[in-house]
Amino acid sequence: MAEIKVPELAESITEGTIAQWLKQPGDLVEKGEYLLEVETDKVNVELTAEFSGVLKETHKESGDTVQVGETIGIIDEGGNVLTAAPEQPKTETEEPAAQQNTAVEKAEDKKHFTIASPAARKLARERGIDLQQVQAADPLGRVRKQDVAAHSNQGTVTQAEPVKQAPKTSAVVQQEQPGKPVERVKMSRRRQTIANRLVEVQQTAAMLTTFNEVDMTAVMEVRKRRKDKFFEQHDVRLGFMSFFTKAVVAALKQFPLLNAEIQGNELLIKKYYDIGIAVSAPEGLVVPVVRDADRLNFAGIEGEILSLAKKARDNKLSLGDLQGGTFTITNGGVFGSLLSTPILNGPQVGILGMHKIQLRPVAIDEERMENRPMMYIALSYDHRIVDGKEAVSFLATVKELLEDPESLLLEG
């Protein structure tokens, strides 16, 4: 018998969630064949069989949290499909009924699944506490060890004073109202991670946002004149993102603190430019990274973004595609956003938000007005290390470079 263990997934990742088993007990398994898919904080990882044989049993099901090194199943190396198949029951009395009851119990367990850290689950088991009864301090509802400890202490007081009753929560009140349709859907691990990190950034960073607007006339004229020739030469379309990436890199070189991060009481100022490009994927926002953007030409940047976006849509991004960005660009304009305040992608200290291009009247001089294609841009930054003057100047530099795109060939 060979154990199926959760391998090392990536640096700093110690647990994951089983997304689905690709093989079922009784199935023949070849060495190197995909067994199951595990969802981590950042990407989905397909685990392969290290032995050939028959999948004898699985210890964890879809939706269960698993730890690195944990045994989650057994492969019978000497087995075959026939010997591994379960015996047919002689009667159809008690055994099917027991199986039915087990299935119902498992379904109920999934229905009332509580998001909790491994330490919280361990403490709850030791003290015999139902995690569903624990009130989480986390605004996203994740139960932590200190929540279980606080609930345990509260329980001791409650036993001594049985007269007092805890007030009903809004969730209980909701359940008591008949005829109100609801749907309870468990958050995916990736969505939980996104939510937790966004809240963490807002709680730990001194985040501010400054705004400006860009006249996109010159960029649109360059694209109009060059797009056909560009596509013929490079087999990739000339979009707006390459212009913005080049402008951001040039501005970061002038204002290096926006390409830094805080580590304890030190600043880590990065001398390379790995630009994260926010992409909407089926399971939530991801930020794959264009490496060494300062060394790429327009075609190289557009090609990288196209490739990463396709991998995101197909759920094929690797951890290497997502780690180590120094600054992020997000484009809410593709969804029609006119103005927004982007949230920092920690530990980065700067993120540029692009928005919808819209015709607006612009004063050319004291006597003339023209309708111009205008875009609002936003820079969110961590005020702990970036001063307002530096942030405003950074955004003004991006604006100036975009309004004179030929300068990007020199500055970028």
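Tabulated data for the structure shown
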quantity	calculated
Computed E for residue 319/residue 31 - FRET, C-beta separation, R0 22 angstrom, nearest 0.05	0.35
Neighbourhood charge, 10 Å Cβ-Cβ cut-off, centred on residue 51 and excluding it, Lys, Arg +1 and Asp, Glu -1	-4
Charge dipole magnitude, Cβ of K and R +1, D and E -1 - the range 207-411, Cα centre, debye nearest 20	560
At most 11 other Cβ within 10 Å, DSSP loop - trypsin sites (Lys or Arg not before Pro), the range 344-412	368
Estimated FRET transfer efficiency when R0 is 35 angstrom, pair residue 204-residue 292 (beta carbons, to 0.05)	0.75
Which listed pairs, of 246/311; 180/356; 186/316; 227/270; 23/180; 271/389, have C-alpha distances above 31 Å, in listed order	180/356; 227/270; 23/180
Radius 15 Å from Cβ of residue 271, net charge of other residues (Lys, Arg +1; Asp, Glu -1)	0
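Rule-based calculations on the coordinates, nothing more; no lab input. Please read all numbers here as calculations on a predicted model, not as lab measurements. Cβ sites come from the backbone with ideal geometry, for glycine too, and all protein chains shown count toward neighbours.
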